[in-house]
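Asks: Here's a structure for you.
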Amino acid sequence: MKSWANVKKDDVLKAIDIFNRETPDFKDPRSTYLVYGGVIYPGKQIRRMSYEVAFGVKPEEKEIYGGKPTIDFFERLGFETYWTKRDVPVSDYEKQIMEMKTREKL
């Protein structure tokens with residue numbers, strides 16, 4: 001059964017690797033980020049890609065939400081997160097977010 005509970009930490013790590021190799025186009029995150037190896041990643045995009053790694057299909061838009069559900073998803077798997085609505089600003093993360101938001105669009 002395709003359930004978010006069946007997406008594992010290894011699926012997220014594979015999604016991060018794919019993201020780093022392919023740098024897919026994605027919608028700029030508003031507040032939800034995954035932190036891995038000191039690098040900020042767009043939380044909802046990595047979550048979406050993790051589902052695709054686990055099941056071989058993309059989740060439907062109605063099946064994925066950013067914000068707290070995405071933060072909870074990553075934290076349940078033991079990942080660090082950065083949620084601008086909750087966390088104290090971290091200057092290094094904020095710098096990376098600004099770079100992400102000003103990257104050249106395809």
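Asks: Hey, what number do you get for the chain at 222 nm if only DSSP H runs of n ≥ 4 count, each worth -39500 (n - 2.57), divided across all residues, to the nearest 500?
Replies: -13500 deg cm²/dmol
Asks: Something else now. Would you mind telling me which residue in Asp72, Asp87, Asp28 has the biggest mean-square fluctuation in a Gaussian network model of the chain, where springs connect alpha carbons within a distance under 10 angstrom?
Replies: Asp87
Asks: Before anything else, pin down the relative contact order of the chain: Cα pairs under 8 Å, at least 6 apart, normalised by residue count, whole percent.
Replies: Dividing the mean separation by the residue count of the chain yields 32 percent.
Asks: Moving on to the next point. Give me the aspartates and glutamates in straight-line cross-link reach of Lys58: C-alpha distance below 14 Å, same-chain residues under 8 apart excluded.
Replies: Asp11
Asks: Using the Cα centre of the chain as the reference point, and only Cβ charges (+1 on K/R, -1 on D/E), how large is the resulting charge dipole? Debye, rounded to the nearest 20.
Replies: Roughly 260 debye for the chain.
Asks: Ranked highest first by the average count of other Cβ atoms within 10 Å around their residues, in what order do 43-49, 16-22 fall?
Replies: 43-49, 16-22
Asks: May I pose another question? Pop out the carbon and sulfur fraction of the accessible area of the chain as a percent, whole number, probe 1.4 Å.
Replies: Carbon and sulfur together cover 53 percent of it.
Asks: In addition: Which whole-number value in Å³ per residue fits the convex hull of the alpha carbons of the chain?
Replies: Given the Cα convex hull of the chain, per-residue volume reads 103 Å³.
Asks: Continuing with this model, one more query. How much area per residue is accessible in the range 23-74 when the probe is 1.4 Å and only protein heavy atoms are counted (Å²)?
Replies: The answer is 49 Å² per residue.
The values are calculated or read from the model by the stated rules, or taken from the named source; none is laboratory data. Quick caveat, the model's predicted, so the values are computed rather than measured. Note that we place each Cβ from the backbone using ideal geometry, even for glycine, and neighbour counts take in every protein chain shown. These area figures cover heavy atoms from the full protein model, side chains too; ligands, DNA and RNA do not enter into them. Shrake-Rupley method; radii C 1.70, N 1.55, O 1.52, S 1.80 Å.
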